[in-house]
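Input: a single structure, listed below in structure tokens.
The values are calculated or read from the model by the stated rules, or taken from the named source; none is laboratory data. Computed from a predicted structure; not experimentally measured. When we count neighbours, we look across all protein chains shown, and the Cβ atoms used for this are built from the backbone with ideal geometry, even at glycine.
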Amino acid sequence: MLADNLGEDGYIKVPRVCPVKYKSIFHRACPVGFHLMNNYMLKKFLLFTFCLLLTTFLGCGYTFHSNLPSYMKNIYVENFKNRIEFTKNERDSSSYFPGLENDIVEAVENRFVLEGSLQLSDDKEMSDIVLTGNLVNYIKQPLRYDGDNVEEYRLSIVIDCKVEDLEKNEIVWEDKVIGDTTYFLTGALAKTETEAVGEAVDDLARRVVEKTVVQW
């Protein structure tokens, strides 16, 4: 019988097992074991929560919350013009990419589609807002040298950009926007200038879209 195994102190005599008080639950019978188990579970929970938050944060990348007014449903993106003023000596294959302004427009449109707050419109007059812009500068700056040779460049693409609210007939924002990146010419991280241009254009598009949907 269970009662026959009770000691004078009211505990069950079980060899090599944490003493368990008769008619008590585990956390009263073995407070030390329960405390250790609680600490272990708590650590696992905190670790899981931390990993979940970290994954969510990293997964968000450049995600942002839209502050657009409720009547803002679509946007028309006009073709950009190239307004870079190259001198005869500057305009060479290493500092000029024909059609770059078109690549920027395409990247901006794709970014609006990805962000999802505004639908692209192909009719300017029926649009809620209109985005216009001009390519005004292309800057390639040396960042790191190996003797007389450049190892790393910073590449910046600059546009003049404006967003207009057609319903209210007012300018939402107007500003210069810069997209940039860095790239190495040699080594494991080496990239071509064309690849770097693509990264800078993507960065530029992200900034334009973010400025448009968060500006409010």
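One line per residue, one yes/no per condition, for (1) within 16 Å of residue 211 (Cα to Cα); (2) part of a loop (DSSP other than H, G, I, E, B):
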{"residue": "97", "(1), (2)": "no, yes"}
{"residue": "102", "(1), (2)": "no, no"}
{"residue": "105", "(1), (2)": "yes, no"}
{"residue": "111", "(1), (2)": "yes, no"}
{"residue": "117", "(1), (2)": "yes, yes"}
{"residue": "132", "(1), (2)": "yes, no"}
{"residue": "135", "(1), (2)": "no, no"}
{"residue": "139", "(1), (2)": "no, no"}
{"residue": "150", "(1), (2)": "no, no"}
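Pairs linking a residue in the stretch 141-152 that is assigned by TED's automatic domain parsing to the domain that holds residue 184 and under 10 Å from residue 184 (Cα atoms) to a residue that is loosely packed, with under 11 Cβ neighbours inside 10 Å and not aromatic (Phe, Trp, Tyr), with Cβ atoms under 9 Å and 6 or more positions apart or on different chains, are 151/187; 152/189.
Matching residues to (1) at pLDDT 95 or above; (2) aromatic (Phe, Trp, Tyr):
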residue	(1), (2)
30	no, no
34	no, yes
60	no, no
100	yes, no
103	yes, no
119	yes, no
123	yes, no
129	yes, no
134	yes, no
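Taken over the stretch 159-176, the criterion of being crowded, with 20+ Cβ neighbours inside 10 Å and closer than 17 Å to residue 102 by Cα is satisfied by 159, 161.
Does at least one position in the stretch 163-177 carry a residue that is assigned by TED's automatic domain parsing to the domain that holds residue 83, under 19 Å from the mean Cα position of the chain (by Cα) and at pLDDT 95 or above? Checked the stretch 163-177: at least one residue is assigned by TED's automatic domain parsing to the domain that holds residue 83, under 19 Å from the mean Cα position of the chain (by Cα) and at pLDDT 95 or above.
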